[in-house]
Amino acid sequence: VDAQIGRAYSAFYRLHSWGTDVWEELPAFIGGGGGSASTLLAGYGSDVHDEDGSLAHASSSFSMLNMINPLYSRFLSLWNQLYQLNAYSNLALYGIETVDWKGDDAAKAAATAQAKFFIGWANLRLAECFGDVPLVKEYDSSLRYDYVRDPRKDVYQYAIDNFIAAAEGLPENA
């Protein structure tokens with residue numbers, strides 16, 4: 001369980017900050033050069049581009065909107081990283097239920113809260129970035145190709161429910 005929570009923290013960190021604090025600097029995603037999937041989460045998207053291109057550098061691959069498709073590397077990487085964070089967290093929840101906590105209910109609640117926070121955050125970002133996405137609500141070791149997209153509002157509600165559960169499970173002085 002601790003290893004999976006650790007992996008979730010690592011995945012969250014990779015998504016939340018890449019090298020420098022992407023929340024403070026203009027992401028390389030807009031300005032060209034460098035960048036990663038995480039820079040998509042900094043709040044800059046196609047809505048910041050105007051007709052004359054003054055808000056985006058002409059050298060930016062993002063200003064060439066014809067290049068953007070589902071296989072565009074930054075979108076694909078973001079999609080994969082968010083689902084990986086969700087998978088780590090679902091596996092942690094699965095492990096939490098199979099481990100003997102030897103009466104340490106506080107540790108179990110804290111681990112559950114952390115996993116639910118990451119599930120909520122991953123699904124919130126998936127819905128923000130991609131709209132209707134498949135909800136993966138539990139650990140499944142089988143290979144599946146039958147996922148269907150759930151409506152964005154359902155994904156948002158699932159994220160909210162996980163955030164609420166996470167907040168209720170955290171200790172008072174966290």
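The values are calculated or read from the model by the stated rules, or taken from the named source; none is laboratory data. Computed from a predicted model, the values in this text were never measured in an experiment. Positions of Cβ are generated from backbone atoms using ideal geometry, with glycine treated the same way; all protein chains shown enter the neighbour counts. Ligands, DNA and RNA are excluded from the accessible area calculation, which covers all protein heavy atoms including side chains. Shrake-Rupley method; radii C 1.70, N 1.55, O 1.52, S 1.80 Å.
List the pairs whose first member sits in the range 140-169 and is over 16 Å from ALA115 (Cβ atoms) and without any contact (Cβ under 8 Å) to a residue 40 or more places away in the chain, whose second member is part of a helix (DSSP H, G or I) and small (Gly, Ala, Ser), and whose Cβ atoms are under 8 Å apart, counting only residues at least 6 apart or on separate chains? As it stands, the answer is ARG152/ALA127; VAL155/ALA127; TYR156/ALA127, since those pairs meet every condition given.
Scanning the range 118-140 for residues that are among the small types (Gly, Ala, Ser) and assigned to a helix (DSSP H, G or I) yields GLY120, ALA122, ALA127. If you go through the range 74-117 and keep only what is in a helix (DSSP H, G or I) and of a type in the set (Asp, Glu), you end up with GLU97, ASP105. If you go through the range 125-153 and keep only what is among the acidic types (Asp, Glu) and either open to solvent by 60 Å² or more (accessible area, probe 1.4 Å) or at pLDDT below 95 (or both), you end up with GLU128, ASP132, GLU138, ASP140, ASP146. For the range 93-121, a residue qualifies if it is more than 14 Å from GLU168 (Cα to Cα) and free of Cβ contacts under 8 Å to residues at least 24 places away in the same chain, and the qualifying residues are GLU97, THR98, ASP100, TRP101, LYS102, GLY103, ASP104.
For the criterion of being among the basic types (Lys, Arg) and more than 25 Å from ASP2 (Cα to Cα), ARG125 fails. Restricting the range 80-124 to residues that are within 8 Å of the chain's Cα centre (by Cα) and aromatic (Phe, Trp, Tyr), which is surrounded by the most Cβ atoms within 10 Å (Cβ to Cβ)? Filtering the range 80-124 for residues that are within 8 Å of the chain's Cα centre (by Cα) and aromatic (Phe, Trp, Tyr), the one surrounded by the most Cβ atoms within 10 Å (Cβ to Cβ) comes out as PHE118.
When ASP146 is tested against the conditions (1) assigned to a loop (DSSP other than H, G, I, E, B); (2) under 22 Å from ASP2 (Cα atoms), the lone failure is (2).
Residues that are over 18 Å from ALA111 (Cα atoms) and outside any helix (DSSP H, G or I) within the range 149-174 comprise ARG149, ASP150, PRO151, listed in sequence order.
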